[in-house]
Number of protein chains: 2
Amino acid sequence: MTENVLDTRSEDDDKPKKQIKLGIAGLGTVGCGLLAVLEKNGDLIANRSGCEFTIGAVTARDRQRKREVDISAYHWCDNPVDMADPDKVDVVVELIGGSDGPALALARAALGKGLSFVTANKAMIAHHGAELASLAERTGASLRFEAAVAGGIPIVKTIKEGLAANRIDRMHGILNGTGNYILTMMEETGESFENALAKAQALGYAEADPSFDIDGVDTAHKIAILTSLAFGTPPTMNDLPIEGIRNISDIDIAYAKDLGFRIKLLGISRLTKEGKLDQRVHASMVEASEALAKVSGASNAIEAHGDFVGPCMIEGLGAGAGPTASAVMADLIELARGNTGSTFSLPASKLAPLPLLESGERTGEFYVRLRVSDKTGVMADIASALRDEGVSVERLIQRTRASDDSVHLIMTTHETSESRMASVLERFSGLSSVLEKPCMLRIEPI
Amino acid sequence: MTENVLDTRSEDDDKPKKQIKLGIAGLGTVGCGLLAVLEKNGDLIANRSGCEFTIGAVTARDRQRKREVDISAYHWCDNPVDMADPDKVDVVVELIGGSDGPALALARAALGKGLSFVTANKAMIAHHGAELASLAERTGASLRFEAAVAGGIPIVKTIKEGLAANRIDRMHGILNGTGNYILTMMEETGESFENALAKAQALGYAEADPSFDIDGVDTAHKIAILTSLAFGTPPTMNDLPIEGIRNISDIDIAYAKDLGFRIKLLGISRLTKEGKLDQRVHASMVEASEALAKVSGASNAIEAHGDFVGPCMIEGLGAGAGPTASAVMADLIELARGNTGSTFSLPASKLAPLPLLESGERTGEFYVRLRVSDKTGVMADIASALRDEGVSVERLIQRTRASDDSVHLIMTTHETSESRMASVLERFSGLSSVLEKPCMLRIEPI
């Protein structure tokens with residue numbers, strides 16, 4: 001009887017005949033994670049893929065750096081593009097990062113020579129995905145990037161294949177674990193953004209320069225890729241409005257809770273009824289009872305809504321060595337199985353832009369917090385500004401601050417447009433009784 | 001410039017050259033759903049798959065039955081197996097159902113002739129999957145069954161491909177929407193199992209004969225398939241302990257809530273540290289704070305835990321025309337794209353059973369509810385039974401019933417084995433003060 005492949009006692013007496021030589025560029029967290037997957041699960045992967053993966057060459061910024069894995073046995077390339085050599089490797093795995101520079105040079109070199117290319121590089125795919133997809137199709141190579149969006153969560157595969165029969169009209173998700181960790185900390189402990197960020201950095205969740213995470217750029221790269229997969233557009237960062245979480249205060253976290261919301265940094269991409277694309281990244285008020293609101297810590301989650309499947313949500317770990325390496329390896333296994341297909345959901349030549357929803361046109365409900373001086377007539381000024389711009393208020397709460405003589409006015413609006421809201425905020429800012437820049441957050445229907 | 005495929009104004013001037021003629025067997029809810037997908041999203045699917053799907057033949061029990069779609073234009077087969085004809089069709093889609101009978105005859109006929117076969121039939125795959133996979137591999141046909149597990153949720157693809165780099169050690173999930181709808185109703189309205197079932201039937205969630213849903217058989221079919229995909233075993237219903245939700249009372253639903261749990265019908269499959277397979281279906285107490293506990297109504301959700309990816313959960317609609325047709329169509333698109341591979345995660349010849357965990361060996365915590373007469377000495381009898389079998393109690397609550405002179409004793413235990421628990425329950429049942437069969441539920445760590 002055949003021995004089960006998970007049975008640790010089994011002897012692997014029929015090794016797969018097929019071999020794939022990997023060129024691994026980048027030996028940081030994810031690169032070392034990939035070597036660990038191959039070492040620990042190599043037999044299982046060989047059985048599942050019908051293929052033995054070997055290391056044809058490696059490269060990284062610093063050959064001597066101390067690593068958890070021993071790389072002395074692998075062929076070393078000083079220059080990443082030297083790896084794009086069909087004599088040395090069959091597939092290039094790019095884990096260097098950065099939208100341009102050596103990563104892009106390597107991608108162009110490898111795909112140009114017909115070498116399949118697997119990457120975790122969201123910035124490069126968001127900026128140059130369409131060009132690289134065309135190149136891959138021209139040379140018959142495969143370009144795969146499961147690890148580029150939401151780490152270990154197989155969301156690229158889900159959108160491109162699992163939900164391929166559907167006209168998707170909306171996707172939204174928590175796509176950055178660092179940002180979600182910070183917001184969760186602020187909510188659970190009441191601490192400030194700065195303290196929560198420092199904690200995230202101490203735990204290794206946030207980089208020394210955390211701007212891509214907390215300013216929403218990382219989320220934007222990911223939603224741009226998902227947009228392309230779902231809506232057949234070339235991925236682009238142009239006209240993608242991005243706001244991060246740097247200005248979220250513990251005060252707003254607390255008021256959100258009082259109002260039955262949680263604040264989440266969301267990537268959102270949807271198609272309006274008129275067929276316009278509404279793509280954006282910003283901190284959002286989400287009803288606390290929604291599954292997405294309960295995704296806490298460094299987890300990621302994405303919900304897609306298709307016309308036949310309805311809502312479908314996936315949750316898991318969006319970063320880290322293990323989850324990201326799992327996604328890179330999944331792409332490699334699919335290559336070994338011969339599951340290639342086009343890079344995005346459509347051949348590159350069929351990717352085409354959609355008309356964009358002007359950001360001012362978008363309508364929704366809003367949360368606004370004002371710090372105002374506690375004197376007569378303030379409310380009349382506020383109310384006039386709202387009336388004049390045609391914005392009606394759903395809830396209004398006034399809270400006195402203990403520390404000074406100012407009060408907080410917290411309001412949520414009925415549905416209105418972004419442009420009307422912008423006018424109202426400008427009016428508010430011009431009032432002498434309004435003591436600091438108004439805080440506005442969008443209430444996102446999930 | 002290329003027009004975006006989602007742009008409804010676009011003219012499709014380069015139709016795909018490739019055609020796939022479908023033979024559709026079964027024109028009930030799912031069959032008509034599939035025809036609706038093809039009609040509504042045919043252009044989109046052609047662009048994504050590079051292939052135009054046409055209907056080569058249809059069959060169903062009753063040709064004359066009133067349907068939402070017009071089938072008069074399609075070639076009709078009186079006998080399903082007549083569809084297994086390469087002159088008529090390229091791929092057979094089986095939506096008849098049932099583990100044997102016409103569905104199995106058609107599967108054998110189609111795969112035997114090298115025709116690829118797509119099915120939503122969980123019972124057939126759970127019982128005959130290994131045989132059919134061997135046959136498919138022998139003739140070079142493809143056998144796919146995404147719709148067989150959890151409706152529209154692409155869990156087959158996720159386990160087989162998305163998480164393929166991982167050694168999975170545990171999967172658990174809500175795999176039956178009818179059962180979950182009934183439990184959710186009971187929890188939200190406090191009504192009895194019978195009333196909640198009647199409501200589910202009135203809404204069309206539950207069949208006239210609901211036994212497969214509420215007795216756990218449907219869940220068992222699905223977990224048997226997932227076990228095969230994750231652990232490389234041939235799918236089998238042998239030695240799969242199954243308990244349903246017929247005996248769950250509104251009383252236990254209420255006590256579960258008091259104790260911080262929710263009751264969910266779970267399919268569970270895990271590998272012990274010793275490499276033994278522990279596969280089972282039963283109503284389980286799940287901590288109310290867990291994401292799985294919050295999956296309500298007719299939704300399904302599955303969580304898998306891999307050694308690199310960590311936990312990954314997918315939630316969506318597990319049944320119904322739209323979601324199921326979405327999954328069937330996803331399989332067809334993958335066929336058109338040439339993404340075939342083996343039926344399960346491994347070639348059929350490599351599927352091998354794992355040693356099973358004896359059900360008595362399994363350890364865990366338990367919930368027990370006893371109805372006892374309210375007199376002196378009862379507690380001493382209960383305590384003796386627990387002491388003699390070496391089971392220690394974590395929490396004990398006594399509640400007097402208003403309606404008679406009996407009381408409820410509710411206890412949760414510390415970790416103990418199923419066999420010890422069985423002995424305790426036998427001792428309890430033998431006590432004259434215990435007025436009805438004890439109710440026992442397993443507390444499932446998620």
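Any read-out appearing in this document is the output of simple, stated calculations on the displayed coordinates, not a laboratory observation. This is a predicted model, so every value here is computed, not measured. When we count neighbours, we look across all protein chains shown, and the Cβ atoms used for this are built from the backbone with ideal geometry, even at glycine.
Calculate the mean, over all residues of peptide A:348-355, of how many other protein chain Cβ atoms lie within 10 angstrom of the residue's Cβ.
Details: counts 1, 2, 8, 3, 8, 5, 5, 2.
Taking all residues of A:348-355 together, the mean is 4.
I'd like to know how the protein assembly as shown sits against the 2.2 N^0.38 Å rule of thumb: what's its Cα Rg over that expected value?
Working: Rg = 28.9 Å, N = 892, 2.2 N^0.38 = 29.1 Å.
In units of the globular-protein estimate, the protein assembly as shown measures up at 0.99.
Multiplying the sequence separation of A:Ala202 and A:Lys437 by 0.36 nm and subtracting their Cα-Cα distance, what value in nm do you get? Could you put the intermediate results ahead of the total?
Details: separation 235, 0.36 × 235 = 84.60 nm, distance 3.10 nm.
My answer for the length gained is 81.5 nm.
Calculate the tail of P(r) for chain B: the fraction of all Cα-Cα distances greater than 44 Å, expressed in %.
Values: 19637 of 99235 pairs.
Tail fraction, whole percent: 20.
Please report the relative contact order for chain A, taking Cα pairs under 8 Å with a sequence separation of at least 6, and give it as a percent rounded to a whole number.
This gives 16 percent for chain A.
If one takes the longest principal axis of the Cα atoms in chain B, at what angle in degrees, from 0 to 90 and to the nearest 10, does the Cα axis of helix B:321-336 lie?
In chain B, helix B:321-336 runs at an angle near 50 degrees to the longest axis.
Give me the one-decimal nm value for the distance between modelled label points at A:Ala254 and B:His75, 7 Å along each residue's Cα-to-Cβ direction.
Modelled inter-label distance: 7.4 nm.
At A:Ser373, label 7 Å along Cα→Cβ: distances to the other copies, nm, ascending?
With the label placed 7 Å along Cα→Cβ, A:Ser373 yields 8.1 nm.
With a ≥ b ≥ c the root eigenvalues of the C-alpha gyration tensor of segment B:285-327, is it rounded (a/c under 1.5), prolate (a/b larger than b/c) or oblate? Mind showing how you got there, number by number?
Details: a/c = 4.03, a/b = 1.37, b/c = 2.95.
Oblate, since a/c reaches 1.5 and b/c is not below a/b.
Could you state the principal axis extents of the C-alpha atoms in segment B:18-148, from the largest down, to the nearest angstrom?
The principal-axis extents, from largest down, are 35, 34, 26 Å.
Give me, ordered by chain and number, the residues 5 or more places off B:Leu356 or on other chains with an amide H under 5 Å from its own placed amide H.
Those lying under 5 Å, H to H, from B:Leu356 are B:Leu277.
Among B:Asn176, B:Asn121, B:Asn195, which one shows the highest mean-square fluctuation when chain B is modelled as a Gaussian network with alpha-carbon springs under 10 Å?
B:Asn195
Can you put B:Ser284, A:Ser359, B:Ser116 in order, fewest other beta carbons within 10 Å first? Don't skip to the end; give the middle numbers.
On the way: B:Ser284 26, A:Ser359 14, B:Ser116 23.
Exposure proxy ranking, most exposed first: A:Ser359, B:Ser116, B:Ser284.
Spelling out what I want: for every residue of segment A:431-443, take phi, set θ = phi - 60°, compute 6.51 cos²θ - 1.76 cosθ + 1.60 (Karplus), and round to whole Hz; glycine and proline get x.
Running phi through 6.51 cos²θ - 1.76 cosθ + 1.60 with θ = phi - 60° gives 7, 5, 7, 8, 8, 8, 3, x, 9, 10, 10, 7, 8 Hz.
Which length gain, in nm to one decimal place, applies between A:Arg138 and A:Arg67 when the Cα-Cα distance is subtracted from 0.36 nm times their residue separation?
Values: separation 71, 0.36 × 71 = 25.56 nm, distance 3.76 nm.
Value of the extension gain: 21.8 nm.
For labels at B:Lys88 and A:Met379 in the simple 7 Å Cα→Cβ model, what's the distance in nm?
7.7
Between B:Gly112 and the same site in the other copies, what are the distances in nm, shortest first, taking label points 7 Å from Cα along the C-beta direction?
The answer, with the shortest distance listed first, is 5.6 nm.
In a shell of Cβ-Cβ distance under 10 Å around A:Tyr181, excluding A:Tyr181 itself, what net charge do Lys and Arg (+1) and Asp and Glu (-1) give? Before the final figure, lay out each step's value.
Details: positive: A:Lys199; negative: A:Asp213.
In short, 0.
Under the rule a/c < 1.5 gives rounded, and otherwise a/b versus b/c splits prolate from oblate, where does segment B:155-317 land using the Cα gyration tensor? List each step's numbers first, then the result.
On the way: a/c = 1.95, a/b = 1.65, b/c = 1.18.
Cα axes put segment B:155-317 in the prolate bin.
Only bridges with both residues in the protein assembly as shown count here: give the DSSP antiparallel percent, nearest 5. It would help to have the intermediate numbers written out before the result.
On the way: 107 of 153 bridges.
The antiparallel proportion sits near 70 percent.
So how far, in whole Å, is the C-alpha centre of segment B:328-354 from the one of segment A:328-383?
35
Among B:Met440, B:Met285, what is the fewest-to-most ranking by other Cβ atoms within 10 Å?
The fewest-first ordering by Cβ neighbours comes to B:Met440, B:Met285.
Taking GluC sites (Glu not before Pro) as candidate sites, keep only those in a DSSP loop with at most 14 other Cβ atoms within 10 Å, then name the longest stretch of chain A containing none of them. Before the final figure, lay out the partial values.
Numbers: sites that count: A:Glu11, A:Glu68, A:Glu207, A:Glu274, A:Glu358, A:Glu415, A:Glu436.
Formally, the longest exposed-site-free interval is A:69-206.
How large is ³J(HN,Hα), in whole Hz, for each residue of segment B:244-250 in order, when computed from phi with the Karplus curve 6.51 cos²θ - 1.76 cosθ + 1.60 and θ = phi - 60°, using x for Gly and Pro?
x, 10, 4, 9, 6, 9, 4
Given contacts defined as C-alpha pairs under 8 Å and at least six residues apart, what's the relative contact order of segment B:359-446, whole-number percent? Can you show the working numbers first?
Details: 154 pairs, mean separation 41.6, N = 88.
So the answer I get is 47 percent.
Within 10 Å of each Cβ of B:43-53, how many other protein chain Cβ atoms are there on average?
4
State, to one decimal in nm and shortest first, how far the label point of B:Thr54 sits from each corresponding label point in the other identical copies (label point: 7 angstrom along Cα-to-Cβ).
4.9
Please give the contour-minus-distance gain from A:Thr54 to A:Ala105: 0.36 nm per residue of separation, less the Cα-Cα distance, rounded to one decimal in nm. Show your work: numbers first, answer last.
Details: separation 51, 0.36 × 51 = 18.36 nm, distance 2.36 nm.
The A:Thr54-A:Ala105 span can extend by a further 16.0 nm.
In whole Å, how far is the Cα centre of segment B:402-445 from that of segment B:27-55?
Segment B:402-445 and segment B:27-55 have Cα centres separated by 53 Å.
Measure nothing but the geometry: give the 0 to 90° angle between the long axis through the Cα atoms of B:177-189 and the longest principal axis through the Cα atoms of chain B, rounded to 10°.
Approximately 40 degrees, to the nearest ten.
Counting Lys +1, Arg +1, Asp -1, Glu -1, what net charge surrounds B:Ser359 among other residues with beta carbon under 9 Å of its beta carbon?
Values: positive: B:Arg280, B:Arg362; negative: B:Asp239, B:Asp278, B:Glu358, B:Glu361, B:Glu418.
So the surrounding residues net to -3.
Pop out the ³J(HN,Hα) list for segment A:111-123 in order, Karplus 6.51 cos²θ - 1.76 cosθ + 1.60 with θ = phi - 60°, rounded to Hz; leave Gly and Pro as x.
4, x, 8, x, 8, 5, 9, 10, 9, 10, 8, 5, 5
Antiparallel versus total DSSP beta bridges in chain A: what percent is that, nearest 5? Walk me through the numbers before you get to the answer.
On the way: 51 of 74 bridges.
If I count the DSSP bridges inside chain A, around 70 percent turn out antiparallel.
Pull up all non-local amide H partners of B:Ala165: gap of 5 or more, or a different chain, and H-to-H distance under 5 Å with H placed in the peptide plane.
A:Ala330
I'd like the FRET efficiency for A:Ser349 and A:Met237, computed as 1/(1 + (r/R0)^6) with the beta carbon distance as r and R0 of 30 Å, rounded to 0.05.
Details: r = 21 Å, r/R0 = 0.72.
Calculated value: 0.90.
Kindly put B:His128, B:His414, A:His408 in sequence by how many other C-beta atoms sit within 10 Å of each C-beta, fewest to most.
Details: B:His128 20, B:His414 12, A:His408 17.
Least to most surrounded, the residues fall as B:His414, A:His408, B:His128.
Using a basic spin-label model with each label point 7 Å from the Cα along Cα→Cβ, how many nm lie between B:Glu415 and B:Ser429?
2.8
Could you work out [θ]222 nm for chain B from helices alone, using -39500 (n - 2.57) per DSSP H run of at least four and dividing by all its residues? Round to the nearest 500 deg cm²/dmol.
Values: 11 runs with 143 residues, N = 446.
So the helix-based figure for chain B works out to -10000 deg cm²/dmol.
Running a GNM on chain B with Cα contacts under 10 Å, which residue among B:Ile182, B:Ile251, B:Ile159 ends up with the highest mean-square fluctuation?
With Cα springs under 10 Å in chain B, the top fluctuation among B:Ile182, B:Ile251, B:Ile159 is at B:Ile251.
Of the candidates B:Ser419, B:Ser134, B:Ser384, which one comes out as most mobile in a Gaussian network treatment of chain B with C-alpha springs shorter than 10 Å?
B:Ser384
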